[in-house]
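The values are calculated or read from the model by the stated rules, or taken from the named source; none is laboratory data. All values derive from a computational prediction rather than experimental measurement. We place every Cβ from the backbone using ideal geometry, glycine too, and count neighbours over all the protein chains shown. The protein model used for the area step is the full one, side chains on, heavy atoms only, and it has no ligands, DNA or RNA in it. Shrake-Rupley method; radii C 1.70, N 1.55, O 1.52, S 1.80 Å.
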Amino acid sequence: MNDALSRFPFPFKKGTYDYYANNSIPLQPPYSIEVTPAYQHEIHLKRRLLNKAHSRCYQSLSHTEEAQWEVVELVLHHLTAAYPKEFLLHKEKDNWTFINQLTGEEERFVFGDAASLPFEPLDFVGRHVQEDLILMMQRDAELFLEAGQLCFPGNWSLVFKLGMTFHEIHEPIPGFFERGAADKIRTFLLHMEAGRPWMRNNWSLTAGNFLDTFPETYHEWGIHRHRVTVDNAGSLIHLRVEVQKLFRLPGTQGILFTIHTHMLPLKQLVRQREWLHRFTQVVTQLPDEIADYKGITPYKQPLFAYLHKQMEGEKEEKNEIRQ
Amino acid sequence: MKSDNEKIVNKFVIQTKRRKFTFVPNRRKSIILAEETNLEAVDELLREVKNRGAAYSLIDAGEKKEIADLFARQKIGTYLYLAGTPQRIKEWTAMAVKAGFTEEEMQIVCYGAEEQRLFCAHCHHIQTIGKEDAVQCAHCGMQLEVSSHYSRLHDAYYGYIQLPCSDGGESR
Amino acid sequence: MIHGTPIQTVVKEIEQVTPRVKRFTLAPADGRELPRFSGGAHILTRVGVGEQVWQRPYSLCGDPHIRAVYQIAIRLQKNSLGGSVFWHHQVRKGQKVTISWPQNHFPMSHRARHHVFFAAGIGITPFLPMMADAEERGETFELHYAAPTREQCAFYDEIQSRYKGCCRFYFSQEGKRMRPDVMKDQSVGTHVYFCGPAAMVEAYRKAAISYGYPQKSIHYELFIPPAVEDAKPFEVELRHSGKTLQVPAEKTLLEVLLNSGVEVPFACRMGRCGTCAVGVAAGEVKHRDVILSDEEKKTKIVSCVSRSTSTKLVLDF
Ligand code: HEM
Ligand code: FES
Ligand SMILES: [Zn+2]
């Protein structure tokens, strides 16, 4: 496996995938962030998007400031603990200096004083990490999306989802409520403990190598869904995996939800024969309504034909070897 | 940071399907607030309340200020029955919530205008629509597919962008 | 730096607060700042010598702004085999104590118009930081606090001097009884909070419902007594893999499953959320959770708190 392939968080442990299970597992090591070789590129892209269309990428409600500072504290401590050469933090009482060696930046601010930062605390710290950062606040045994920095959405709108409860956020997902999954997962989240973070993977497919699939620009990237052929499927279609991590903030009882998005073109995926098998099984068994939801329906035919061809090709190779 | 989050935390989806009230017994007091007199739902409720000899007050849609004060004076155990058009119901529930009432402490019969608001996925403009499945955004001209995805903060349904090359349904 | 789980602390100070209550001040062993917490939070503590280990939840009763130490207050229980006796008689300054991060299953409401706290005896502890939080946010509250006598009323002086006018004390040996009907004439939007023995919490909860309080306006803290007291070892068989595991008396079923690589999701580890429930194919279960319905109890076990009373339990794994 090459480097990109070996670090890709391939989500299928076997050839079946229970869409409605709580697939969360304890996070080890307990860091909210990961720095990959794509760091420079993605940070650059993130900041360009933030500058170009700020409200699309950043939203917050009042009363979240204290929790935003908790996120700053958590993320900066994770960066310096996980990557001590790349990131440094000096604290003198509330006077913090954060040094990012990868971007060559030095940030000085007074912890807890929003006026000492150029952006809101969450917007500030999000500019140093590849992850999207979503802040859920827990109020009266309910979770609300109250702030977020989102540059690489899987076709969902931060502006529209702002203020929604966990259930309201997940309303578009087919079958999520009927099967009791929504209630169970919410109960799990409501009882999540500080000091015990969790992670899960979410997967989808994207036609085109776009991280920033905003619903606002669907007419620009969505057309590629109608341009897939057997011949270009390998390079056009990407498996999109979101590594999602969940942290309870001990002071404000909020939950930090971090999303790190990884993309892999199918032509690279199929080189791992075991991955090809599992992926083909999962995708071909996907119920129609979920395929619809994930936006796969317009190119289902060419995709299946492509996968079929790859599997066949594999058989032929084997036959050749046998002969 | 914008709008006070009380606005959403305490705002709830108004059930428009309820046509009748169901009397909830064993309350300290019932307050019945109706936008119009001689509503069937209210008459029926009044009969039930009187039959049982429960404490109640029937209020006509009066001054905003008076209703807000009335709500604020209530003790634990007061139950609200609200009947009105969506606009009125929104006003009243906002006042009730401000006074400390929760969804568990009221029932709503909402009638009248069947219009709804639609949020444009592309430009975020919100427009009022009827019962269409698809409309064009009045602001940016994008073709939108009306969904059942609703935001209390925006009081609007989500309109997904529809591509000309498709017959809809797959923008998700 | 961020602490791992669990956190190592040492006892820095011990004060006799009343004849039966001691306050312990815990400082992190490495001198780093402790995690933040909010009013109503508790920590799980682990103390003991050799084989004898006590794991107990205690509410944090110190100031939420102080990050150098945590404080807990423990009452010596009369008929206790366990934790409180060890804490009172064995724990000395300098003793090592392992603690969890602060957890809050008893948070204050954000939409309350007024908070009314009811404490019986040592049930006062979570309300100390809650009152501090409420005061800081400018929210109104009142405390009703019952104890046998003034001498046995922990933190009486502190509370009186800091929150005068917001609290009422009921000393039963002076013939004063705290009663639920204080809740009756409160304004709409009032939230009520109870902490004390199970019977007291249950009585107040029922009364609140009868006065018309919505479920979501009623809050209480009930620590499920730890299972270790009467725990017996048992064996589990995983039906699908055929694997057999041993659950010793001092470990929970959940711990054993996790240690053997069975990925059971969990959250509260206190029998409250039901996340860790697993299917039971055969064997008797003593249920200790507060979440499963009677119907579910026939086929499930909440693995963080409940145990088997038969020697062998077969799970649907
Ligand atoms: C608390 C933090 C969480 C937030 C903020 C969040 C947010 C979201 C959002 C915005 C979507 C897209 C919905 C849309 O298409 O409009 C989504 C999808 C989804 N979420 Fe969550 N989520 C959270 C936690 C979880 C957890 C813990 C689980 C499961 C254990 C979960 C399961 C799912 C599933 C299955 C989908 C559908 C994804 C797909 O098929 O592509 N979510 N979530
Ligand atoms: S983890 Fe919550 S009930 Fe076991
Ligand atoms: Zn528009």
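For segment A:6-22, the criterion of being within 16 Å of ligand 1 (Cβ to nearest atom), closer than 23 Å to A:HIS77 by Cβ and within 14 Å of chain C (Cβ to nearest Cβ) is met by no residue. Out of the residues in segment C:219-233 that are open to solvent by 20 Å² or more (accessible area, probe 1.4 Å) and charged (D, E, K, R), which is modelled with the lowest pLDDT? Only one residue fits best here, namely C:GLU229. Say whether the condition of being of a type in the set (Ser, Thr, Tyr) and within 14 Å of chain C (Cβ to nearest Cβ) is met by at least one residue in segment A:138-158. No, the conditions are met nowhere in segment A:138-158.
Under the condition of being away from chain A (no Cβ under 14 Å) and open to solvent by 20 Å² or more (accessible area, probe 1.4 Å), the residues counted in segment C:75-106 number 15.
Quick one: which helices (runs of 4 or more DSSP H) sit completely within segment A:179-289 and have at least 3 residues that are within 14 Å of chain C (Cβ to nearest Cβ), crowded, with 20+ Cβ neighbours inside 10 Å and within 16 Å of ligand 2 (Cβ to nearest atom)? Please lay out each step first, then the result.
On the way: elements: A:181-190, A:218-221, A:233-236, A:266-269, A:273-284.
By residue number, A:181-190.
Of all residues in segment C:111-126, those that are within 14 Å of chain B (Cβ to nearest Cβ) and in contact (Cβ under 8 Å) with a residue 40 or more places away in the chain have Cβ atoms under 9 Å from Cβ atoms of residues that are outside any loop (DSSP other than H, G, I, E, B) and among the aromatic types (Phe, Trp, Tyr), 6 or more apart or on another chain, in C:ALA112/C:PHE141; C:HIS114/C:PHE141; C:HIS115/C:PHE141; C:HIS115/C:TYR193; C:VAL116/C:PHE141; C:VAL116/C:TYR193. Within segment C:297-311, take every residue that is part of a loop (DSSP other than H, G, I, E, B) and buried (at least 20 other Cβ atoms within 10 Å of the Cβ) and give me the one that is farthest from ligand 2 (Cβ to nearest atom). Checked segment C:297-311; the qualifying residue farthest from ligand 2 (Cβ to nearest atom) is C:SER306. If the condition is being of a type outside the set (A, V, I, L, M, F, W, C) and within 24 Å of the chain's Cα centre (by Cα), then segment C:142-167 contributes C:GLU142, C:HIS144, C:TYR145, C:PRO148, C:GLN152, C:TYR156, C:GLU158.
So which residues in segment A:1-59 are of a type in the set (D, E, K, R) and modelled with pLDDT of 95 or more? If you could, list the steps in order and put the result at the bottom.
Let us first name the residues in segment A:1-59 that are of a type in the set (D, E, K, R), namely A:3, A:7, A:13-14, A:18, A:34, A:42, A:46-48, A:52, A:56.
Scanning segment A:1-59 gives A:GLU34, A:GLU42, A:LYS46, A:ARG47, A:ARG48, A:LYS52, A:ARG56.
The condition of being of a type in the set (A, V, I, L, M, F, W, C) and within 11 Å of ligand 1 (Cβ to nearest atom) holds for only one of A:ILE237, A:ILE296, that being A:ILE296. Of all the numbered requirements in (1) in a strand (DSSP E or B); (2) within 16 Å of ligand 3 (Cβ to nearest atom); (3) open to solvent by 30 Å² or more (accessible area, probe 1.4 Å), B:ALA138 misses one, and that requirement is (1). In the condition set (1) without any contact (Cβ under 8 Å) to a residue 60 or more places away in the chain; (2) away from chain B (no Cβ under 12 Å); (3) not aliphatic (A, V, I, L, M), A:GLU131 is compliant with all but (1). In this entry, B:ASP133 is excluded by the filter for residues that are in the same structural domain as B:ALA41 (by TED's automatic domain parsing), among the acidic types (Asp, Glu) and touching a residue at least 12 places away in the same chain (Cβ under 8 Å). Filtering segment A:235-290 to residues that are more than 15 Å from A:LEU5 (Cβ to Cβ), β-branched (Val, Ile, Thr) and touching a helix residue (DSSP H, G or I) at 6+ places or on another chain (Cβ under 8 Å) leaves A:ILE237, A:THR252, A:ILE255, A:THR280, A:VAL283, A:THR284. Scanning segment B:121-135 for residues that are closer than 17 Å to B:HIS154 by Cβ and more than 10 Å from ligand 3 (Cβ to nearest atom) turns up B:THR128, B:ILE129, B:VAL135. For segment C:177-193, a residue qualifies if it is more than 14 Å from chain B (Cβ to nearest Cβ) and in contact (Cβ under 8 Å) with a residue 24 or more places away in the chain, and the qualifying residues are C:ARG177, C:MET178, C:TYR193. Can you tell me which residue in segment B:111-135 is farthest from ligand 2 (Cβ to nearest atom), limited to those that are crowded, with 16+ Cβ neighbours inside 10 Å and of a type in the set (S, T, N, Q)? Ranking the candidates gives B:GLN127 first. Within segment A:23-57, the set of residues being under 20 Å from A:MET263 (Cα atoms), away from ligand 1 (no atom under 16 Å from the Cβ) and within 14 Å of chain C (Cβ to nearest Cβ) comprises just one member, A:ILE33.
Number of residues in segment C:265-296 that are surrounded by fewer than 17 Cβ atoms within 10 Å (Cβ to Cβ), within 14 Å of ligand 2 (Cβ to nearest atom) and either over 23 Å from the mean Cα position of the chain (by Cα) or not in a loop (DSSP other than H, G, I, E, B) (or both) equals 1.
Got a sec? Which of A:PHE257, A:PHE247 is closer than 14 Å to A:GLY154 by Cβ, away from ligand 3 (no atom under 16 Å from the Cβ) and within 17 Å of the chain's Cα centre (by Cα)? Steps first, answer last, please.
Working: A:PHE247 fails: closer than 14 Å to A:GLY154 by Cβ.
Result: A:PHE257 is the single residue among A:PHE257, A:PHE247 that is closer than 14 Å to A:GLY154 by Cβ, away from ligand 3 (no atom under 16 Å from the Cβ) and within 17 Å of the chain's Cα centre (by Cα).
Can you find even one residue in segment C:8-28 that is open to solvent by less than 20 Å² (accessible area, probe 1.4 Å) and outside any strand (DSSP E or B)?
Step one: of segment C:8-28, the residues open to solvent by less than 20 Å² (accessible area, probe 1.4 Å) are C:9, C:11, C:18, C:21, C:24-28.
Restricting the remaining residues to those that are outside any strand (DSSP E or B) gives none.
Checking segment C:8-28: not a single residue is open to solvent by less than 20 Å² (accessible area, probe 1.4 Å) and outside any strand (DSSP E or B).
Just one of the listed residues (A:PHE152, A:PHE160) is open to solvent by less than 10 Å² (accessible area, probe 1.4 Å), outside any helix (DSSP H, G or I), away from ligand 2 (no atom under 16 Å from the Cβ) and more than 17 Å from A:TYR19 (Cα to Cα), and it is A:PHE152.
Taking (1) open to solvent by less than 10 Å² (accessible area, probe 1.4 Å); (2) within 16 Å of ligand 3 (Cβ to nearest atom); (3) among the hydrophobic types (A, V, I, L, M, F, W, C) in turn, B:TRP92 satisfies each apart from (2). Residues that are away from every other protein chain (no Cβ under 14 Å) and surrounded by fewer than 22 Cβ atoms within 10 Å (Cβ to Cβ) within segment C:253-264 comprise C:VAL256, C:SER260, listed in sequence order.
Looking at B:TYR160, B:TYR81, which one is part of a strand (DSSP E or B), away from chain C (no Cβ under 14 Å) and within 16 Å of ligand 1 (Cβ to nearest atom)? Let's see the steps before the verdict.
Working: B:TYR81 fails: within 16 Å of ligand 1 (Cβ to nearest atom).
Exactly one residue qualifies, and that residue is B:TYR160.
Only one of the listed residues (C:LEU44, C:LEU34) is closer than 29 Å to C:VAL116 by Cβ and among the hydrophobic types (A, V, I, L, M, F, W, C). That residue is C:LEU44. Taking the stated definitions as given, is C:VAL236 part of a helix (DSSP H, G or I), modelled with pLDDT of 85 or more, away from ligand 1 (no atom under 16 Å from the Cβ) and open to solvent by less than 50 Å² (accessible area, probe 1.4 Å)? When the stated conditions are applied, C:VAL236 does not pass them. Contact annotation: residue pairs with Cβ atoms under 7 Å, 6 or more positions apart or on different chains, pairing a residue in segment B:85-110 that is assigned to a helix (DSSP H, G or I) with a partner that is surrounded by fewer than 18 Cβ atoms within 10 Å (Cβ to Cβ) and modelled with pLDDT of 90 or more, are B:MET95/B:ALA68; B:ALA99/B:ALA72; B:GLU104/C:PRO214; B:GLU104/C:GLN215; B:GLU104/C:LYS216; B:GLU105/C:PRO214.
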